[in-house]
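The values are calculated or read from the model by the stated rules, or taken from the named source; none is laboratory data. Being a predicted model, the structure only gives us computed values, none of them experimental. FYI the Cβ positions are ideal-geometry reconstructions off the backbone, even for glycines, and counts take in every protein chain you see.
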Amino acid sequence: MKRLIAVFLCAAGISVSQGAEPQKATLGAGCFWCVEAIYEQLPGVLNVVSGYAGGPEVNPTYKQVSYGQTGHAEVVQITFDPDQTSYRDLIDYFWKTHDVTDPRGVWPDFGPQYRSIILAHNDEQLEIAKASRGAARARFDKRIVTEIVMLDTFYPAEDYHQDFVRLNPNHSYVRSIAYKKLDKLGLKYP
């Protein structure tokens, strides 16, 4: 409806600001089921899609990625409203969601496919992520191992991975891992 009103006003010669265009952030912090359930609850987040990025394999499958054969990490791609939250806010929150100092991956899922990674969509995001990492360093006793690189291609995961925590509340991983992570962050169960 808002868009229809804006079109009508523009047709009448009245200038209308419709706000900033949605932006994207792509992050990996272990199993994408948990990361998706976390970021879906943050203000200004419009959509979160689980997927794969950071490796050379074209059109990877879950089986390939989970076996560590592709160079990709499980990631989420977040669409957010920059009028309600900033890229910096999303990245600053990232440092709270998992152990960013463990080079093995993110507990309980270890391996390069579960590594901590920020994939910037442009040079501005790259600089913001690096600045946020610099500010976060003071909170950790060990070195932050999170990769910060430019995004090449994001591949959405298979449909059954999308909204996994919400759609599978009785799954053993959801009950024993995802819910613990949500509890730790003070978030609700989807």
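Select from region 118-128 the residues that are under 18 Å from Phe154 (Cα atoms) and part of a helix (DSSP H, G or I) and list them in ascending order.
Step one: of region 118-128, the residues under 18 Å from Phe154 (Cα atoms) are 118-123, 125-126.
Across region 118-128, the qualifying residues are Asp123, Gln125, Leu126.
Please find, among Arg175, Arg133, the residue that is at pLDDT 95 or above, over 24 Å from Lys63 (Cα atoms) and basic (Lys, Arg).
Arg133
Take the residues in region 118-146 that are touching a strand residue (DSSP E or B) at 6+ places or on another chain (Cβ under 9 Å) and charged (D, E, K, R); name whichever of them is surrounded by the fewest Cβ atoms within 10 Å (Cβ to Cβ).
Asp123
Please verify whether Val106 is under 22 Å from Gly68 (Cα atoms) and surrounded by fewer than 17 Cβ atoms within 10 Å (Cβ to Cβ), treating the condition exactly as stated.
The answer is no for Val106.
Hey, could you check region 91-117 for residues that are in contact with a strand residue (DSSP E or B) (Cβ under 9 Å, 6 or more places away or on another chain) and of a type in the set (A, V, I, L, M, F, W, C) and say which is modelled with the lowest pLDDT?
Val106
Can you tell me which residue in region 91-117 is nearest to Ile128 (Cα to Cα), limited to those that are of a type in the set (D, E, K, R) and in a loop (DSSP other than H, G, I, E, B)?
My answer is Lys96.
Residue by residue, here is whether (1) within 18 Å of Met150 (Cβ to Cβ); (2) more than 12 Å from the chain's Cα centre (by Cα); (3) at pLDDT 95 or above; (4) buried (at least 16 other Cβ atoms within 10 Å of the Cβ) holds:
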site	(1), (2), (3), (4)
Ser50	no, no, yes, yes
Gly55	yes, yes, yes, yes
Val58	yes, yes, yes, no
Glu74	no, no, yes, yes
Asp83	no, yes, yes, no
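Anything in region 147-159 that is outside any loop (DSSP other than H, G, I, E, B), in contact (Cβ under 8 Å) with a residue 12 or more places away in the chain and either exposed (fewer than 11 other Cβ atoms within 10 Å of the Cβ) or charged (D, E, K, R) (or both)? List them, or say none.
Residue satisfying the conditions is Glu147 alone.
Does region 77-88 include one or more residues that are more than 22 Å from Thr153 (Cβ to Cβ), of a type outside the set (A, V, I, L, M, F, W, C) and not in a loop (DSSP other than H, G, I, E, B)?
yes
Among (1) touching a Lys or Arg at 6+ places or on another chain (Cβ under 8 Å); (2) modelled with pLDDT under 95; (3) not in a loop (DSSP other than H, G, I, E, B), where does Gly28 come up short?
Against the list (1) touching a Lys or Arg at 6+ places or on another chain (Cβ under 8 Å); (2) modelled with pLDDT under 95; (3) not in a loop (DSSP other than H, G, I, E, B), Gly28 comes up short only on (2).
Conditions first: (1) touching a Ser or Thr at 6+ places or on another chain (Cβ under 9 Å); (2) touching a residue at least 60 places away in the same chain (Cβ under 8 Å); (3) outside any strand (DSSP E or B). Glu74 passes all but one, so which condition is the exception?
(3)
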